[in-house]
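Report on one structure; see the data block that follows.
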Amino acid sequence: MTRAVLVSSSAPPTVTDVDVTDPADGEVLVDVTYSSVNYKDGLALARNPGVARVDPLVPGIDVVGTVSALGAGVQDVAIGDRVVLNGAGLGETRHGGWAAHAVVPSGSLVVLPDTIDDSFAAAIGTAGFTAMLSVLALERFVEPGSGPVLVTGASGGVGTVAIALLAARGHQVTASTGRSANEASLRALGATDVVDRATLSDLGKPMQRATWAGAVDSVGGATLANVLATTKWGGAVTACGLAQDSALPTTVLPFILRAVSLLGINSVDAPLELRRRAWERLATDLDPALLAGVTRVVGLEEALTVGPQVVAGAVHGRTVVAVDR
Ligand SMILES: NC(=O)c1ccc[n+]([C@@H]2O[C@H](COP(=O)([O-])OP(=O)(O)OC[C@H]3O[C@@H](n4cnc5c(N)ncnc54)[C@H](OP(=O)(O)O)[C@@H]3O)[C@@H](O)[C@H]2O)c1
């Protein structure tokens, strides 16, 4: 048995003891140290059917810890390795990281670089990993010095890490936020300008003044349509989220008149090679002290209250879950 948060159709989410199975072929047992609270974890707590796809479910789309047992056929990791796993069905189609132990598929596990300790890895979590995937995609099109790069949903998990990563590479970063109280914090992460998200949230014309060399969007909806309409010739915009809306009310005009590229980002099913590249870059590009400034640590009980706050857009930065608390 292991102490875990359990979400089920028969009772409200609670901290309880949950069975741990032996790792099957291709699986490993991880002694979990930390997980984190992501937007999706908040949806899992609410038993959103698009996320909580098994019943009962231990939420937690991130697992950080040490491998303690191997199933048959596991080759790339060994007992004692410190590992991170983001997505890959955790906290959606199988038990996730809000538990002291987790049995996870080995094929998407990344062995952590020595410079990333367990709590830093969890502070990065899926949100930071997704921010890194977004930056890796964007930099195929946008070089530092080519103009301002916009980050929407700037106070959120993806947004805060994206600002820090882009600024570290020398990009001029503009943060879009609905919370002006966070302006100083967003500037501390590396944003040189901060705009009110209200300037982007109502649908405008399909082509507007060319402003951004590129953008990292986690908001979708009319915001993403406006971002595409204001991106310069040859620029690129990454799309990973739907905090405003899953609809994308745009036209082909930004694509055919300004050669703008829209780049899709998916962290859940990212192949192992891309995962490793992203974590290597996180190890060199992300300042732990910067992220610590927008990270708080909670225990399993408190994670139950933070999840809905993340979905409501009320949390700034990242929340780490220390599973032994
Ligand atoms: N594709 C993937 O693999 C992947 C991975 C991770 C996350 N995601 C998605 O990316 C999104 C962000 O995730 P996150 O973990 O960063 O969530 P988060 O911490 O809740 O951040 C979302 C931010 O979006 C802004 N926002 C909220 N409601 C809004 C609205 N109605 N209109 C405009 N902006 C709004 C808020 O920022 P301000 O207060 O600063 O405005 C909020 O902090 C979610 O939709 C999540 O599901 C996708």
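Summary of computed values
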{"read-out": "Candidate set: region 249-270, residues that are over 16 Å from G235 (Cα atoms) and not charged (D, E, K, R); chosen: the one surrounded by the most Cβ atoms within 10 Å (Cβ to Cβ)", "value": "S267"}
{"read-out": "Residue, nearest to G42 (Cα to Cα), within region 294-325, restricted to residues that are more than 17 Å from the chain's Cα centre (by Cα) and in contact (Cβ under 8 Å) with a residue 40 or more places away in the chain", "value": "L304"}
{"read-out": "Yes/no for A181 being within 22 Å of A137 (Cα to Cα) and among the aliphatic types (A, V, I, L, M)", "value": "no"}
{"read-out": "Lone unmet requirement of (1) within 13 Å of the ligand (Cβ to nearest atom); (2) closer than 20 Å to V297 by Cβ for S134", "value": "(2)"}
{"read-out": "Residue, nearest to R281 (Cα to Cα), within region 109-131, restricted to residues that are within 13 Å of the ligand (Cβ to nearest atom) and of a type in the set (S, T, N, Q)", "value": "T130"}
{"read-out": "Cβ pairs under 8 Å, 6+ apart, first in region 136-151 and closer than 21 Å to T199 by Cβ and assigned to a loop (DSSP other than H, G, I, E, B), second at pLDDT 95 or above and of a type in the set (A, V, I, L, M, F, W, C)", "value": "G147/W212; G147/A213"}
{"read-out": "Set V173, V151, V142, V158: member being away from the ligand (no atom under 16 Å from the Cβ) and surrounded by 21 or more Cβ atoms within 10 Å (Cβ to Cβ)", "value": "V142"}
{"read-out": "Yes/no for G307 being surrounded by 14 or more Cβ atoms within 10 Å (Cβ to Cβ) and at positive phi", "value": "no"}
{"read-out": "Listing of strands (runs of 3 or more DSSP E) fully contained in region 192-288 that carry 3 or more residues being away from the ligand (no atom under 16 Å from the Cβ)", "value": "212-217, 231-239"}
{"read-out": "Odd one out for R187 among (1) out of contact with any Gly (no Cβ under 8 Å at 6 or more places or on another chain); (2) buried (at least 21 other Cβ atoms within 10 Å of the Cβ)", "value": "(2)"}
{"read-out": "Total residues in region 123-147, condition closer than 17 Å to V315 by Cα, in contact with a Gly (Cβ under 7 Å, 6 or more places away or on another chain) and of a type in the set (A, V, I, L, M, F, W, C)", "value": "1"}
{"read-out": "Residue under evaluation S8, criteria (1) over 21 Å from T305 (Cβ atoms); (2) touching a Leu at 6+ places or on another chain (Cβ under 9 Å); (3) of a type outside the set (K, R), criterion not met", "value": "(1)"}
{"read-out": "Qualifying residue in region 113-127 (condition: within 23 Å of A259 (Cβ to Cβ) and either surrounded by fewer than 16 Cβ atoms within 10 Å (Cβ to Cβ) or modelled with pLDDT of 95 or more (or both))", "value": "no"}
{"read-out": "Qualifying residues in region 289-325 (those that are among the basic types (K, R) and within 13 Å of the ligand (Cβ to nearest atom)) - the one farthest from A121 (Cα to Cα)", "value": "R296"}
{"read-out": "Number of positions in region 90-105 that are buried (at least 22 other Cβ atoms within 10 Å of the Cβ) and hydroxyl-bearing (S, T, Y)", "value": "0"}
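The values are calculated or read from the model by the stated rules, or taken from the named source; none is laboratory data. Computed from a predicted structure; not experimentally measured. As a convention, Cβ positions derive from the backbone with ideal geometry for all residues, glycine included, and neighbour counts pool all protein chains shown.
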